[in-house]
Each structure stands twice: as C-alpha cells, then as structure tokens.
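Structure first, then comments.
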Amino acid sequence: MADLSYFHGVKLDESPDTPSVVRVQNQGATFINGHANLADAAAFPLNEPKLVTNLSQAAALGADGTLLRDVTTVFQEGGTYCVVNRVAYHATAATLQANLIGDPVARTGLYAFHRAKALTGIKPRVIITEGDTGAWIEGGLTGVVMATAGSNLTEAPTVTASGGGTDAAKALPTLEAIMGTGSAAGTVVGVRILTPGKAMSAAPTIAFTGGGSDAGKVLPTATANIGDVGNPFLSALRAIVHADGARARAYVQGPNGTNADAVRFRNTINSDRILVIDPKGLKNVSGTLVTVPTAPVFAGIRSRVVASSEGVSGSVSNKIIRTLDGVTRTVNYPLDSNYLNERQVNTIINERGGLRTWGSRLASDNLLWQFDSVRATADMINESLEDLYFLYVDRKFTKANLKMMIEDGNAAIRTFALNNDILGGRVWLSDQNTPDLNAQGNVFLNVEFEPVGLMEQIRITTFRNILYYQLLLDDVRGAIDNGPLSLAA
C-alpha cells in the first residue's frame, strides 16, 4: 500500500514484498568434544567451541589428549569444518567423564554444542566425543512401575530397593520419589532412578517409608524392571540431538568387544539421531599398531560425502577408509556384517582391496527414519524451509504474500528434487487456516516431500538354462556343413 499523504512530484519506493530464495547452510561440520591438556588456551579456551578449518590451525591443540588426533582423522578422511570443544583434563576417570559430558545449564562439555552456532557461525551436524561411549550396565534398573500412588502423603516418602539376587558384584539402585501436584497432590506419581545399580540377577523389591504424619496416609507400591542400562554419554547425547532446532546426529563408538556385545549395547539406545559404530580401529604409529576410535573416521567420511557430488543425501556406507590400517576384530562379510547391520550396528569390512565403512542405520525402531542420510536430508530441507519463511514473519496478511509463500516453497522443493535429494514434494495451504486463527496472525502451511533412500540390499537371481547346449551343437554343425571345422575364437 502506498503512502497516501501529500507529495507533489514523482516518488519511487521499492516494495518490501519480494520473494525469498532457499539457502542451504553448511551440512558437513563435525562437533568434536575432548581434552587437549597442552593446548594453547588462548586459541582453544575451555568449553568455548572454536571453528577449525585446517590442520595448521588444529596444531595449537597440542599432541596431548584426543582432540588433535580426532580432528586430524576427520580432515584426513576428507572432512571440512570442525567445531572443537576442549574440556578440562583430570587424571581421575570419573571426573574426566563428568567434564566431557558437561552441564546442560552452564552448557559445558557436550552441551557446549548448543553454543556452537552462536560462537562460530557454523552449526555442526555430527557430534563425536572422547570417552567410553560404548559402556553399558548389565543387570541395572531400567524402570519402576507404579502399582498404586498412595494418598494423603504430606512429604515425599523414602524409596529403597532390596534383594536383587546373589551376584557378589551386585550394587542396588538409589531412588527418589516424585510427588504429584495439583489434583495428584499427596500421591507419588513416579520414581526417579538416581543410580541404576548393577549385576542384579533378579528384580529388587521396592519399598516406601515415611511420607509424613497424616493418620490417613497410604503408602504407594511399585515394581522394578531390570536389564541392560546405557551410559550417561548416551543420556546427554539423546537430550542434545533431540533438542528443539538442534538437527544433529551423534556418532558413538560401541563397546569394542564381540558382535553380541555390540548388539547388546545398541539395544540400550532408541534414537533416530544416534549411529553406533563397532569395532575400534588400528593405526600404525611409528611402527606400532595403536587402537583408535572409529567414530571420527565415520564423521570425516560423512563430511567428505556431503562435500562431494553425492551431497547430503549420500550415504556414509561403502566408502574407502583412508586413515586406518586395521580393526581390532575381523568382521566377516557378509555373515558378521549382516548380523550387525540388521541390528543397526555399523561396522568396517575389508573388501574389494581395502577397509570400508559398512552400514548407515541409526539406532531407531522407526524404520522410516533408520537411514542416516534420510534423516540428514530431512533436517536440511526442514531447516531450509524455516530459513526461507523467516523473512515472511510480520509481513502483511495479503493474497499476494500468501501466493508468494506457496510459490517460494515449491521453488525450493523443485531445487532439492533437481539435486536428487528428494523424489518430489509440494507446499500448500493447510485446512487449519480459519478466520479466527488468521486474525491472530497464524498461517498454516503443509509440506510433503520424500528423501531419496538407499539401495542397501541388491538381490540378484541367476538361472541355469541347458538349452544353451543346443546352441553349441548347432554352431558346431554349422561349422562342419559350411566348410573346414574351425572353432577359433
């Protein structure tokens, strides 16, 4: 709408109602969390993510610790940007682990990921970390099921566990009651597991005591379930990668034991943003084979794929590995590798002349989101659409702007389809749009698209046909009838 106030002459204004074009942010950056005790503190302050674009810059991390090793692996595998977070080293393993995991409020350790884009301008897409990410607790408490909630409780009762079997290594869990509020006041609505315990061969008995002095109080009852329990790295990573707007995946090292161990570890996870890799690798360092993690290898290769003609929709699987000289246990193709891949454990095989990544399945029970590249492609498109429509926020609610929004979205979808990232898609106005909601500034758009999947399983059927003997005999007869018998090639 023009300014209708008085002006004698010709006045030109550029319309702010211009199309918005799709922009795709960097999709190949890796967040690397670890320690480097001899690092230049000015270049790499503690718990302050720093962008590293080349190995010369990474040299300031120093040779001590894991960061320089992991950054070097990512770059040597063909990776591009790394966002490095250095934590304080401590000789006590438990303290170092706590430093690596960090604090969600202070955003230290792994949680420094949430500060990476603000501090570096780059949002990492894959997270790797130092630490024993492949550990799990056998025979730990996996959950407490409330049978009855109790009533008239004026304070939280004490929760204890007893029994749990006769294993000499057994440790009982520590628990805390969660009190209800509002209409559930005076009851216990759940039990928080502070420590899961370990080596319990039978479910422990859960008991409640205390709960206040009300004469009418009734204590709750509950039962316990035991099983394999994941480690605190996984708890933190699940919270980080599934946080609103994070759109990242974590590549984690498995237990590096047997194939069965790897599958058992994977079963402690259920996330369409966590990719499990097992076993560890071997690297020749000055004539000595050293055990190294393979999560940085996969992260570097993933970054290489994103930067190649395959792009974000390309797979991390079946790629030649540049930085390893072996693996800590042989994974036979196809027997071992099929067992692992089917159970969403990704591995390394030695086939067709070298070590190769094998598998790209995330640790998810949702089969539609089990492929790493499919999840990454959807993240890229969702983020690009958010960025595209950001410029429309607070524009006038007009027919022209609504039409332009739909056209800009469909233009973006066509771009991704032409790039072979998706098979197709479209944008349209949702039926949720109603006058009362529109009058409050709400606009609802629907978007559909289908990411390009992977040809993970190629099945070939071969047949015998004995009639080819007849062709052979006919050829021989022809050679005899038409002149000297000659069967030269």
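Taking the numbered list (1) closer than 25 Å to ARG302 by Cα; (2) of a type outside the set (Lys, Arg); (3) in a strand (DSSP E or B) in turn, PHE113 passes all entries but (3). Among the residues here, ALA94 does not qualify as out of contact with any helix residue (DSSP H, G or I) (no Cβ under 6 Å at 6 or more places or on another chain) and either under 18 Å from ALA307 (Cα atoms) or assigned to a loop (DSSP other than H, G, I, E, B) (or both).
In the stretch 295-308, the residues that are in the same structural domain as GLN76 (by TED's automatic domain parsing) and of a type in the set (S, T, N, Q) form Cβ pairs under 8 Å with partners that are in a helix (DSSP H, G or I) and modelled with pLDDT of 95 or more, at six or more places apart or across chains, as follows: SER303/VAL74. When GLY287, GLY311 are checked against the criterion of being out of contact with any strand residue (DSSP E or B) (no Cβ under 9 Å at 6 or more places or on another chain) and farther than 26 Å from ALA417 by Cα, a single residue qualifies: GLY287.
Scanning the stretch 117-141 for residues that are of a type in the set (Val, Ile, Thr) and at pLDDT 95 or above, we see that the one that is farthest from LEU96 (Cα to Cα) is ILE122. Across the stretch 177-190, which residue is surrounded by the most Cβ atoms within 10 Å (Cβ to Cβ) among those that are within 18 Å of VAL159 (Cα to Cα) and among the β-branched types (Val, Ile, Thr)? Looking at residues that are within 18 Å of VAL159 (Cα to Cα) and among the β-branched types (Val, Ile, Thr), I get VAL188.
Out of all the residues in the stretch 260-267, is one or more touching a helix residue (DSSP H, G or I) at 6+ places or on another chain (Cβ under 8 Å), at pLDDT 95 or above, in the same structural domain as GLN344 (by TED's automatic domain parsing) and surrounded by fewer than 22 Cβ atoms within 10 Å (Cβ to Cβ)? Yes, the stretch 260-267 has at least one match. The requirement of being surrounded by fewer than 19 Cβ atoms within 10 Å (Cβ to Cβ) and in contact (Cβ under 8 Å) with a residue 40 or more places away in the chain is not satisfied by ASN231. When PHE208, PHE233 are checked against the criterion of being aromatic (Phe, Trp, Tyr) and more than 30 Å from LEU368 (Cβ to Cβ), PHE208 stands alone in meeting it.
Results for (1) at pLDDT below 95; (2) in the same structural domain as PRO157 (by TED's automatic domain parsing); (3) in contact with a strand residue (DSSP E or B) (Cβ under 8 Å, 6 or more places away or on another chain); (4) surrounded by fewer than 22 Cβ atoms within 10 Å (Cβ to Cβ), shown as yes or no for each residue.
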{"residue": "ARG192", "(1), (2), (3), (4)": "no, yes, yes, yes"}
{"residue": "GLY197", "(1), (2), (3), (4)": "no, yes, yes, no"}
{"residue": "ALA207", "(1), (2), (3), (4)": "no, yes, yes, yes"}
{"residue": "ALA215", "(1), (2), (3), (4)": "yes, yes, no, yes"}
{"residue": "VAL218", "(1), (2), (3), (4)": "no, yes, yes, yes"}
{"residue": "ALA224", "(1), (2), (3), (4)": "no, yes, yes, no"}
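Exactly one residue out of ALA135, ALA116, ALA147 is surrounded by fewer than 21 Cβ atoms within 10 Å (Cβ to Cβ) and closer than 30 Å to GLY65 by Cα: that is ALA135. Scanning the stretch 8-56 for residues that are touching a residue at least 12 places away in the same chain (Cβ under 8 Å) and not in a loop (DSSP other than H, G, I, E, B) turns up THR30, PHE31, ILE32, ASN33, GLY34, HIS35, LEU46, LYS50, LEU51, VAL52, LEU55.
The values are calculated or read from the model by the stated rules, or taken from the named source; none is laboratory data. Treat the numbers as computed from the prediction; the structure is a model and nothing was measured. Please note: Cβ atoms are built from the backbone with ideal geometry, for glycine as well, and neighbour counts cover all protein chains shown.
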